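Notes follow the structure.
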Amino acid sequence: MSFEFCLNKSTYITKLSEECHFTRKNPVNLKKHDIHLFADALEYTNAPSELHLLNNIKILPKGWLYKRSTLLKESFTSLKYPSHRKRFRGMRKLFYKGMFPRRIKEGVWITDNWSYNYFHWCADALPRLYLASLKKPRLQLLLPNYLEGKGFITESLLAFGAKEPIFVSKFGSLLVSKLYFPSIASETGHFNEPVIREVANKISRHFAEEVIPTRRIYISRNKALMRHIENEEQIFPILEKYGFEIVHFETLTFSEQVKLMSECKTLIGPHGAGFVNMMFMPKNGNVMEIHPMDAKVNNCFFTLASAMKHNHFYIMADTVKKNIKSHLDNMSINPEEFEKNINLILKNN
């Protein structure tokens with residue numbers, strides 16, 4: 001049983017994107033004592049993306065890719081590989097779920113073990129589909145079983161004119177004679193800026209009309225298990241005062257979210273997957289991210305705002321509990337500081 005990268009088992013087809021370097025501007029409201037929070041994200045060099053061909057690949061329901069008995073590391077994000085114990089269990093599944101696979105002549109693979117998450121689907125998986133489609137526009141998309149039935153997956157694929165995807169059966173496997181594999185468009189949390197803009201534009205054109213954006217949106221996470229604002233009722237009057245609509249993205253379909261964001265000029269909310277919807281705002285929008293005070297800042301939305309040519313603002317909020325990790329905790333925000341930053345944003349319009 002081995003665990004390897006696919007490159008030495010693949011045929012190189014072509015380069016999909018060139019190496020490029022990006023310089024990001026600081027948040028509009030950056031405070032001197034917070035400079036260190038964003039310093040590591042101000043410069044980024046993006047490696048080229050390539051299209052590879054893998055022959056005779058077996059795919060298990062969870063999206064684990066095997067070349068004979070070798071589990072390919074590209075089945076997973078580089079930030080979360082399975083343990084040796086899980087890989088051993090995977091070999092057992094390869095034996096009994098791989099005995100009578102469904103045979104597929106050729107297809108394309110764009111996912112890893114984080115692709116079930118709304119952010120990672122939009123920001124990581126769809127850019128790979130876009131890049132692959134530049135060279136192989138009519139390839140059959142293959143997806144792991146756990147993505148079946150997710151509405152945002154089905155709807156978003158409509159914008160790419162993709163064939164109906166084939167999902168790996170929960171009780172079986174696929175054996176793909178020719179599996180086309182686009183490498184990542186960028187490291188997760190970073191972006192190949194022209195590529196992510198093309199992905200966003202493609203989706204926006206499909207689901208929304210071009211309008212002058214005027215709406216002010218606040219994303220509430222009070223239906224979420226973590227990272228919601230516990231004293232949200234104290235900032236609701238402030239939001240109402242400045243004409244903000246309070247939205248729960250989880251109650252909207254993917255197309256409804258895209259349409260709403262196409263009309264949005266200013267977006268505010270706690271750090272969370274729904275913030276990726278800034279992709280669908282027209283450029284020069286304003287986004288303010290509420291982040292836990294004592295956590296290392298996850299800069300994925302700062303870098304996305306830069307890629308989409310938005311103005312990024314931030315505000316730090318106190319975490320509520322001290323016995324759990326900050327990024328899993330809920331937050332409490334200072335209403336006066338919150339209103340002060342809203343005024344700063346609106347002056348920037």
Once you have the Kirkwood Rh of the range 208-347 from its Cα pairs, apply Stokes-Einstein at 4 °C and 1.567 mPa s and quote D in µm²/s. 86 µm²/s
How much FRET efficiency would the formula 1/(1 + (r/R0)^6) give for GLU230 and GLU256, where r is the Cβ-Cβ distance and R0 is 30 Å, rounded to 0.05? 0.65
To the nearest 0.05, how large is the calculated FRET efficiency for ASN334 and GLU19 if R₀ is 41 Å and r is the Cβ-Cβ distance? 0.45
(i) 24.6, 77; (ii) 28.5, 104; (iii) 21.3, 64: which one is Rg and Dmax of the Cα atoms in Å as calculated from this entry? (iii)
Of MET261, MET99, MET279, which is the most mobile in a GNM of the chain whose springs link Cα atoms less than 10 angstrom apart? MET99
Looking at the range 208-347 only, what percent of DSSP beta bridges run antiparallel? Nearest 5 please. 10 percent
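To the nearest 0.05, what FRET efficiency results for LYS347 and ASP34 with a Förster distance of 22 Å applied to their C-beta separation?
Calculated transfer efficiency: 0.65.
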Between ARG138, ARG215, ARG85, find the one with the highest GNM mean-square fluctuation for the chain; connect C-alpha pairs within less than 10 Å. ARG85
What order do you get for HIS21, HIS120 when you list them from fewest to most C-beta neighbours inside 10 Å? HIS21, HIS120
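Residue separation times 0.36 nm, minus the C-alpha to C-alpha distance between GLU187 and ALA47: what's the value? Before the final figure, lay out each step's value.
On the way: separation 140, 0.36 × 140 = 50.40 nm, distance 0.88 nm.
49.5 nm is the gain from fully extending GLU187 to ALA47.
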Phi-based couplings in Hz for the range 119-130 (Karplus 6.51, -1.76, 1.60; Gly and Pro marked x): 4, 5, 5, 5, 8, 10, 6, 4, x, 5, 4, 4
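Where does each of TRP114, TRP109, TRP121 land when they are ranked from fewest to most other beta-carbon atoms within 10 angstrom?
Least crowded to most crowded, the residues run TRP114, TRP121, TRP109.
No lab work stands behind these numbers, since they all come straight from the coordinates. Remember, it's a predicted structure, so these values are computed and weren't measured experimentally. Don't worry about glycine lacking a Cβ; one is built from the backbone with ideal geometry, like all the others, and counts go over all protein chains shown.
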